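Participant: Below is one structure. I have some questions about it.
The values are calculated or read from the model by the stated rules, or taken from the named source; none is laboratory data. Owing to the predicted nature of the structure, the values given are computational and were not obtained by experimental measurement. Reconstructed Cβ throughout: ideal geometry from the backbone, glycine too, with neighbour counts over all protein chains shown. Each accessible area value is taken on the protein alone, full model and side chains, heavy atoms only, with ligands, DNA and RNA left out. Shrake-Rupley method; radii C 1.70, N 1.55, O 1.52, S 1.80 Å.
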Amino acid sequence: VKPAVGRVIMPAVRLGDGSWRQDSALICDEVERNHPDRPTRPPGATQRLAASLLELHADEWLPMVALHYRWNTGNADWAVSEFGRCAFPMLPSLIASRLAQPVADRMRALCRVHGAVSPALAGIESFTERLIGTLERHLAAGSAAGGGPQPYLLGGVPCRADFALYGPLWAHLYRDPHSRAMFDGAPHVVRWFERLHGHAADAAFTQLAARDATAAPASTSPDSASGSAAKFLPDDEVPETLDPLFRALFDEQWPFLQLACAAVDEHAAAHPDAARTPRAFGYAPFVAGGVAGEGRRFA
């Protein structure tokens, strides 16, 4: 991977022609060029913009959420044991955990990089609670056209925003035992996780609301999503119930993104012959959940 893309990073995919793609969006673009029957980009301009903005929000803003709940709460010891179990499945758990500890320490150090440190922690938690609440209300409400709750953010099929939000929320908050209780009051979010996750035989979750056929309307089941249900919402609709997510993006994330863009512009002006920019620049202030913090600007 490193010779091909410059560093060891996930995800990275080697294509049949020997070329590489690094970054989830680029990988998805490549897959959809070869399999256009199930696109994750909506056809309408409004929905496509909305999905791209929420994908950006999840990819660049939620790492601080994932890092905080994984390493600053009671999930840390469990995470180290999971690292050991997955990396060294044949070894006793105590030895496996000790071998995995250096990797865990490097991951924990990213809390500082992404701003998941005091004094911003209270704001990150407030932001996360509002995010989960907004998703719950949106998934429960459905669209203006009616028909009950929608299976996904923009209708009967998932878009890039669904997967981008699902990743950190499911893998770092819901799957980790100490933070799973945050979703006790969000059954529609849990069902949404399960639809996107799709692993009905996952032993980590023996009892999920989405596995109970009586827990959710039939229209929210991926097996029953056919015909008009298995499409993006008509008329390029973006439901108003997503507005709080966009407000959070523009009120708090956007100013930080502008600082990152300014750093890239300054570097380009100072180094006109450079073939590429640095991966990251210095630290800059941000606000999350109404609380100020500081994080590193990534190009």
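Participant: Quick one: LEU121 ticks every box in (1) farther than 23 Å from ARG48 by Cβ; (2) in contact with a Ser or Thr (Cβ under 7 Å, 6 or more places away or on another chain) bar one, so which box is it?
Facilitator: It is condition (2) that LEU121 fails.
Participant: Give just the number: which of (1) among the polar types (S, T, N, Q); (2) open to solvent by 30 Å² or more (accessible area, probe 1.4 Å); (3) over 22 Å from ARG296 (Cβ atoms) does SER118 not satisfy?
Facilitator: (3)
Participant: Step by step: first the residues of region 258-276, then only those that are exposed (fewer than 11 other Cβ atoms within 10 Å of the Cβ) and not in a helix (DSSP H, G or I), then the one that is nearest to the chain's Cα centre (by Cα). Which residue is that?
Facilitator: Out of the qualifying residues, it is ARG276.
Participant: Does VAL157 fit the bill of being touching a residue at least 60 places away in the same chain (Cβ under 8 Å), over 19 Å from the mean Cα position of the chain (by Cα) and open to solvent by 30 Å² or more (accessible area, probe 1.4 Å)? Give the steps one after another, and end with the answer.
Facilitator: Working: touching a residue at least 60 places away in the same chain (Cβ under 8 Å): yes; over 19 Å from the mean Cα position of the chain (by Cα): no; open to solvent by 30 Å² or more (accessible area, probe 1.4 Å): yes.
Taking the combined requirement at face value, the residue does not satisfy it.
Participant: When region 1-56 is examined, which residues are found to be among the acidic types (Asp, Glu) and within 22 Å of the chain's Cα centre (by Cα)? Step through it out loud before you land on a result.
Facilitator: First, the residues of region 1-56 that are among the acidic types (Asp, Glu): 17, 23, 29-30, 32, 37, 55.
Result: ASP23, ASP29, GLU30, GLU32, GLU55.
Participant: Is it fair to say THR73 is among the polar types (S, T, N, Q), modelled with pLDDT under 95 and more than 15 Å from HIS188 (Cβ to Cβ)?
Facilitator: Working: among the polar types (S, T, N, Q): yes; modelled with pLDDT under 95: yes; more than 15 Å from HIS188 (Cβ to Cβ): yes.
Spelling it out, THR73 is indeed among the polar types (S, T, N, Q), modelled with pLDDT under 95 and more than 15 Å from HIS188 (Cβ to Cβ).
Participant: State all residues of region 172-196 that are open to solvent by less than 30 Å² (accessible area, probe 1.4 Å), assigned to a helix (DSSP H, G or I) and among the hydrophobic types (A, V, I, L, M, F, W, C); if no residue qualifies, say none.
Facilitator: Across region 172-196, the qualifying residues are LEU173, PHE183, VAL189, VAL190, TRP192, PHE193, LEU196.
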